[in-house]
């Protein structure tokens, strides 16, 4: 039985960490993707375009990568500005199928195993069904059923979130959850980045027991930047994410309004903001920012003391790692990747339930820590620095090695 794997996904998902993990131990048969910068271009000193640099890893030689002209053309169509969102989603799904078909063809031809991200697995898994090829599925988004139940229960208590609910229903409809269910059914083994995503899979497929949790790694560029000391005059809270129901922003706003803290400020960085939530944000101590450059966002992380994102559902939440790498104290929920990091009171607060009362108590507790000088940015950074991408890669390989042994 082969120990090599074919990996498939669009763009540079997870910064190529899964195929890098395999390549480091000579287990990468092929990466199937839409576009990958050839080695000779990536090595050229004249290449300054970040797109070409981002679409390449020194750990993955371009001879180990296979693309398709059709996938590249579809990527170009998706970028057309006049397309409707529904049309764009349909093109994405077509692209996913194109990559899956090619991954299945390569695995069948070479006798390799498959390690595919959800969305790119169905056709490939069906192609090798009945053979000795091992089908490993990386589920990076929770299965929709459990999040839907959680969000619906919350909505019954907060009817103002109708705009967010409609947006979520549209996204859920377009994302084709039946495809994910079929991929899970066909998978021999599953990897997730968080225990919540694992729980969402087993909520629908309780018989699926071979599921391993491998948490993501922190950003190296954030870990290398010098920390910014806390202000002595004001505790700075930061929220970064879509301003919609599933991020728990309505609970945060309600909690912040009730707390009415004189020596604290809250900055909201939202690419999308529910208009019903925006309508009630009318306070001098709350600032809303949109369309920030990467450098501006990074500076905000480092200038802040507490990062708060009380998500009702989250596949993992890489933003938590970014905030901790910048030295921020964390407030989040158990329905994220936070429980898998094992944070304690020195690093943050993981809430078991999300409502204005619990979020308000966490705000008050973290403010008290700031006032007492107990938010230690250096300690928080040291803690999260243990969660490297190298550790992620090693854990992925360990999971696959145990699978081969079995």
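The values are calculated or read from the model by the stated rules, or taken from the named source; none is laboratory data. Since we're looking at a predicted model, the values are computed, not measured. Please note: Cβ atoms are built from the backbone with ideal geometry, for glycine as well, and neighbour counts cover all protein chains shown.
Here is how the numbers come out for the structure above:
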read-out: Evaluation of residue 112 against (1) at pLDDT 95 or above; (2) under 26 Å from the mean Cα position of the chain (by Cα); (3) surrounded by 16 or more Cβ atoms within 10 Å (Cβ to Cβ) (one fails), failing number; value: (2)
read-out: Count - residues of segment 373-406 that are assigned to a helix (DSSP H, G or I) and in contact (Cβ under 8 Å) with a residue 24 or more places away in the chain; value: 21
read-out: Some residue of segment 138-145 being assigned to a helix (DSSP H, G or I) and farther than 23 Å from residue 213 by Cα; value: no
read-out: Extreme residue, farthest from residue 7 (Cα to Cα), among residues of segment 148-199 that are part of a helix (DSSP H, G or I) and in contact with a strand residue (DSSP E or B) (Cβ under 7 Å, 6 or more places away or on another chain); value: 195
read-out: Residue 232 being part of a loop (DSSP other than H, G, I, E, B) and either over 16 Å from residue 286 (Cα atoms) or in contact with a helix residue (DSSP H, G or I) (Cβ under 9 Å, 6 or more places away or on another chain) (or both); value: yes
read-out: Only listed residue being farther than 30 Å from residue 356 by Cα, modelled with pLDDT under 95 and in a helix (DSSP H, G or I), chosen from 95, 126; value: 95
read-out: Flag if residue 101 is more than 23 Å from the chain's Cα centre (by Cα) and either under 26 Å from residue 175 (Cα atoms) or not assigned by TED's automatic domain parsing to the domain that holds residue 131 (or both); value: yes
read-out: Scope segment 78-87; condition free of Cβ contacts under 8 Å to residues at least 60 places away in the same chain and either surrounded by fewer than 15 Cβ atoms within 10 Å (Cβ to Cβ) or not assigned by TED's automatic domain parsing to the domain that holds residue 104 (or both); matching residues; value: 79, 80, 81, 82, 83, 84, 87
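Conditions (1) assigned by TED's automatic domain parsing to the domain that holds residue 193; (2) touching a helix residue (DSSP H, G or I) at 6+ places or on another chain (Cβ under 7 Å); (3) without any contact (Cβ under 8 Å) to a residue 40 or more places away in the chain, marked per residue:
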{"site": "296", "(1), (2), (3)": "no, no, yes"}
{"site": "306", "(1), (2), (3)": "no, yes, no"}
{"site": "309", "(1), (2), (3)": "no, yes, no"}
{"site": "338", "(1), (2), (3)": "no, yes, yes"}
